[in-house]
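Only one structure is covered here, and it is reproduced in the block below.
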Amino acid sequence: MNRALSIGFDADDTLWHNETIFERVHERYRALLARYHDAATVDRTLLVTERRNLELYGYGVKGFTLSAIETAIELTSGKISAEEIRLLIANGQEMLAHPVELLDGVAETLAQLSDYRMLVITKGDLRDQERKLAKSGLATRFRHIEIVSEKDSATYRTILRRHGIAPEHFLMVGNSLKSDILPVLALGGAGAHIPYHLTWALEHSEQPPAHESRFFPLKTLRELPSVIRTLSL
């Protein structure tokens with residue numbers, strides 16, 4: 001065992017399901033606006049609004065809900081009713097109250113890695129992420145919890161310095177190449193990428209070079225312990 005190794009874990013769609021909740025609400029949203037626009041137009045316009053509002057709202061359900069309301073007003077030329085806006089708010093509240101559903105193998109894998117220093121590094125709304133972590137039953141598995149507004153190289157550098165972790169002894173595990181893997185590779189750390197079957201358009205990124213020796217594409221989290229045993233970080 002490499003006791004110098006520290007392991008960071010993304011939360012949404014790495015430890016528990018998240019994007020499927022958003023997709024179910026997206027389906028309702030398209031249906032609500034179907035008499036005004038086709039689904040492709042609704043999706044495209046909402047994404048533009050979300051991208052524009054990221055600087056103001058950040059990531060998470062609350063920002064999504066506000067962007068959805070703004071987009072609905074735009075696409076209906078202000079004709080959307082108060083009752084329909086109430087439905088959009090109710091959808092957001094439902095998302096925030098949704099049960100936390102762990103991905104397959106998460107609890108068992110974290111138990112296998114209990115001798116390592118493990119961190120959660122996730123972005124999104126502070127209150128919502130704290131709620132999900134508490135309800136997941138996983139909080140005690142992690143030495144440190146970091147909920148941040150953005151996950152880029154500067155953010156990871158700050159976190160690693162705060163906890164006295166050298167990048168070359170750090171492995172980040174997550175479903176997003178853009179947020180979980182590429183920023184850590186840029187610092188000299190390693191990344192284990194476990195794709196989720198749904199990926200938000202604003203998290204899409206190009207695949208790292210195939211010859212990248214610190215990049216480990218995995219199919220499930222259950223593969224992680226065997227990969228870690230081969231590391232010489």
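The values are calculated or read from the model by the stated rules, or taken from the named source; none is laboratory data. These figures come from a predicted structure and were not determined experimentally. As a convention, Cβ positions derive from the backbone with ideal geometry for all residues, glycine included, and neighbour counts pool all protein chains shown. Ligands, DNA and RNA are stripped out before the accessible areas are found, and what is left, the full protein with its side chains, is counted by its heavy atoms. Shrake-Rupley method; radii C 1.70, N 1.55, O 1.52, S 1.80 Å.
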### Message
Show the residue pairs meeting these rules: Cβ distance below 7 Å; 6+ apart or different chains; first residue within the range 3-19 and buried (at least 22 other Cβ atoms within 10 Å of the Cβ); second residue part of a strand (DSSP E or B) and of a type in the set (Asp, Glu).
### Response
Asn18/Asp12
### Query
Of these, Ala90, Ala107, which one is farther than 29 Å from His169 by Cβ and surrounded by fewer than 18 Cβ atoms within 10 Å (Cβ to Cβ)?
Ala90
### Task
Name the residue, out of Leu56, Leu96, that is in contact with an Asp or Glu (Cβ under 9 Å, 6 or more places away or on another chain), open to solvent by 40 Å² or more (accessible area, probe 1.4 Å) and among the aliphatic types (A, V, I, L, M).
Leu96
### Query
Counting just the residues of the range 134-146 that are surrounded by 15 or more Cβ atoms within 10 Å (Cβ to Cβ) and closer than 23 Å to Leu5 by Cα, which one comes out nearest to the chain's Cα centre (by Cα)?
Glu146
#### Entry: Hey, Arg30 assigned to a helix (DSSP H, G or I), among the basic types (Lys, Arg), without any contact (Cβ under 8 Å) to a residue 24 or more places away in the chain and open to solvent by less than 60 Å² (accessible area, probe 1.4 Å) or not
yes
### Message
Given the criteria touching an Asp or Glu at 6+ places or on another chain (Cβ under 6 Å) and small (Gly, Ala, Ser), does Gly78 qualify?
### Response
no
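Among the residues that make up the range 147-154, is at least one of them open to solvent by 40 Å² or more (accessible area, probe 1.4 Å) and more than 19 Å from the chain's Cα centre (by Cα)?
No, the conditions are met nowhere in the range 147-154.
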### Message
On the basis of being within 22 Å of Tyr57 (Cα to Cα) and open to solvent by 60 Å² or more (accessible area, probe 1.4 Å), does Ser176 make the cut?
### Response
no
### Task
Inspect all residues belonging to the range 71-78 and state whether any of them is among the β-branched types (Val, Ile, Thr), open to solvent by 20 Å² or more (accessible area, probe 1.4 Å) and out of contact with any His (no Cβ under 6 Å at 6 or more places or on another chain).
yes
